[in-house]
Amino acid sequence: MKKCFLFTILGAIIVLTSQAQEKRLTSTPPLSINKINTPDLEEAVPFITLDGKRIYFTRTNDQSSSILKNKVLHEIWYANFSEGGELEVKKAPRPLNAGLNSAVIGFNYDGTTLYLFGTYNKLFREQKGISFSSLVNEQWSKPLKLKIPDLDIEGGFYGLYMHPSEKVLLISKGVAGNEDLYVSLRETDDQWSAPKSLGAVINTPDFEISPFITEDQQHLFFSRGSSTGDTDIFHAKRLDQSWTNWSVPQRLLSPINSKGFDAYFSMLPDSTVVFSSNRAGTSDIYLAKLMVTDTTISEPLPVTKIQKENEPTTPLLKTIEPEATAKNYVFFGFNEASLEANQKPALDQVVAFLERNPDLRVEIGGHADHIDTEPFNQELSSRRARTVTNYLVSQGIEPGRLRSIGYGELLPVANNEHPYGRSLNRRVEIKWLNVSGQVASRMPEDSRVIAGSETSGGF
């Protein structure tokens with residue numbers, strides 16, 4: 001299990017200075033990952049590997065075809081981000097799924113060791129805990145129990161997160177409706193400390209669940225809720241080297257939190273986040289980009305990138321400059337420049353917003369990934385922009401209020417080396433302009449819209 005790497009720290013994570021006390025965390029509008037989410041089953045506990053190539057998640061079993069009739073199980077699934085941005089969704093084979101409640105709750109830096117919910121013991125009273133499985137000859141080994149002294153899990157409700165260093169295990173446990181957060185630290189190769197409470201600032205009479213800590217082990221994200229209210233994602237900063245001294249947790253602002261159950265947050269070094277929410281009815285998985293915001297403008301969240309020596313830095317999503325964060329996107333399939341029927345209702349929201357705000361104008365910027373030649377991509381991006389422009393004109397918007405421009409492959413928001421990143425670069429981005437033609441510095445809440453293509457990476 002133990003692997004030695006030399007790491008380089010690039011940048012600083014979540015800079016919240018004393019001069020910016022008013023700043024809070026929010027996100028770009030969350031995107032439902034439609035190729036993963038199903039209408040009837042529940043998806044949760046998402047984790048994207050650090051290379052951005054695979055996402056693990058849980059899905060409740062299809063009881064109609066299960067050999068365990070009428071027994072709800074959470075099983076491990078995964079999806080690979082393939083060429084063209086498509087998601088190849090598969091159920092994990094044995095031994096990762098063995099007829100028990102299972103989940104991936106973390107992995108090491110190169111993804112060759114998975115940490116798993118439960119002990120894979122068939123005896124019910126012995127099932128609570130954590131296991132690990134290693135990739136050997138392209139096969140996952142039989143899960144082995146990780147021994148954590150005095151884990152003492154009461155009832156059936158508990159949660160786990162293993163940091164990629166394999167030295168920090170976060171735990172949520174307690175009676176249902178009153179779970180608290182704890183930490184266990186690896187002291188030697190095979191010895192762990194007894195779980196220690198994260199303290200009264202974090203743990204309250206409400207329940208705290210689904211903990212996650214950033215790579216520098218300084219920023220804690222978790223969900224807090226009660227039996228009478230919704231469940232939201234919170235953030236707290238670690239103030240010293242102990243695990244009990246934290247800043248007062250702050251609720252993440254809308255749109256990442258909803259009126260429903262929002263939990264199982266995790267984040268890549270480039271501030272791409274995934275989480276699960278039942279805002280649309282059943283539990284689904286959403287993707288967004290974490291942002292720092294104040295009362296006037298949102299900024300991308302700087303994050304720590306940890307990489308192996310001599311390994312190129314390839315974040316899934318690039319940092320988006322403040323002037324580019326219009327938060328309005330239309331995504332296209334590979335080499336496509338036509339609108340699909342499911343994209344038009346989102347553009348109708350743009351029409352309605354422009355009708356309510358006659359002084360605003362719009363820049364409609366087309367973009368492409370880096371596949372093919374620059375001249376081809378320039379023309380493709382222009383055609384995408386014209387497609388959206390023509391639709392808005394057809395719905396009654398005056399052409400003089402619309403500025404159509406193609407940027408080719410010059411302004412990617414995601415890493416073109418990743419198929420999934422390329423799917424995010426195949427887009428039209430809508431920027432709101434004021435009467436002087438400048439990008440508006442504050443976006444009204446009802447100005448946000450995202451239209452995804454079924455062929456553009458699963459949104």
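Here is how the numbers come out for the structure above:
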quantity	calculated
Matching residues in region 93-135 - criterion: being farther than 19 Å from Gly52 by Cβ and small (Gly, Ala, Ser)	Ala98, Gly99, Ser102, Ala103, Gly118, Gly129, Ser131, Ser133, Ser134
Region 51-69 residues that are modelled with pLDDT under 85 and part of a loop (DSSP other than H, G, I, E, B), paired with ones that are surrounded by 16 or more Cβ atoms within 10 Å (Cβ to Cβ) and among the hydrophobic types (A, V, I, L, M, F, W, C) (beta carbon under 6 Å, 6 or more apart)	Gly52/Leu316; Asn61/Leu73
Residue satisfying all of: in region 391-420; modelled with pLDDT under 75 and either out of contact with any helix residue (DSSP H, G or I) (no Cβ under 7 Å at 6 or more places or on another chain) or outside the structural domain of Phe353 (by TED's automatic domain parsing) (or both); nearest to Ser82 (Cα to Cα) among these	His418
Qualifying residue in region 121-132 (condition: in the same structural domain as Pro46 (by TED's automatic domain parsing), surrounded by 14 or more Cβ atoms within 10 Å (Cβ to Cβ), under 25 Å from the mean Cα position of the chain (by Cα) and farther than 26 Å from Trp77 by Cβ)	no
Residues that are surrounded by fewer than 16 Cβ atoms within 10 Å (Cβ to Cβ) and in contact (Cβ under 8 Å) with a residue 60 or more places away in the chain, drawn from region 75-104	Ser82, Glu83
Selection status of Ser423, within 16 Å of Ser338 (Cβ to Cβ) and at pLDDT 80 or above	no
Given (1) in a strand (DSSP E or B); (2) in contact with a Leu (Cβ under 8 Å, 6 or more places away or on another chain); (3) modelled with pLDDT under 95, index of the condition Tyr182 fails	(3)
When residues of region 201-226 are limited to those that are at pLDDT 95 or above and among the small types (Gly, Ala, Ser), the one nearest to Met162 (Cα to Cα)	Ser210
Residue match in region 138-149 (condition: touching a residue at least 40 places away in the same chain (Cβ under 8 Å), crowded, with 22+ Cβ neighbours inside 10 Å, out of contact with any Lys or Arg (no Cβ under 9 Å at 6 or more places or on another chain) and outside any strand (DSSP E or B))	yes
Some residue of region 192-206 being closer than 23 Å to Tyr120 by Cβ, more than 23 Å from the chain's Cα centre (by Cα) and surrounded by fewer than 21 Cβ atoms within 10 Å (Cβ to Cβ)	yes
Residue identified as within 19 Å of Trp432 (Cβ to Cβ) and assigned to a helix (DSSP H, G or I) among Leu380, Leu347	Leu347
Residue count for region 256-294, restricted to those that are more than 22 Å from Thr49 (Cβ to Cβ), touching a residue at least 12 places away in the same chain (Cβ under 8 Å) and in a loop (DSSP other than H, G, I, E, B)	9
Selection from region 363-377 of residues that are acidic (Asp, Glu), assigned to a loop (DSSP other than H, G, I, E, B) and surrounded by fewer than 20 Cβ atoms within 10 Å (Cβ to Cβ)	Asp372
Answer residue from region 130-168, given it is closer than 27 Å to Ser223 by Cβ and small (Gly, Ala, Ser) and is modelled with the lowest pLDDT among those	Gly156
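The values are calculated or read from the model by the stated rules, or taken from the named source; none is laboratory data. Small disclaimer: the values here were computed from a predicted structure and weren't measured. Cβ coordinates were reconstructed from backbone atoms using ideal geometry, including for glycine residues, and neighbour counts include every protein chain displayed.
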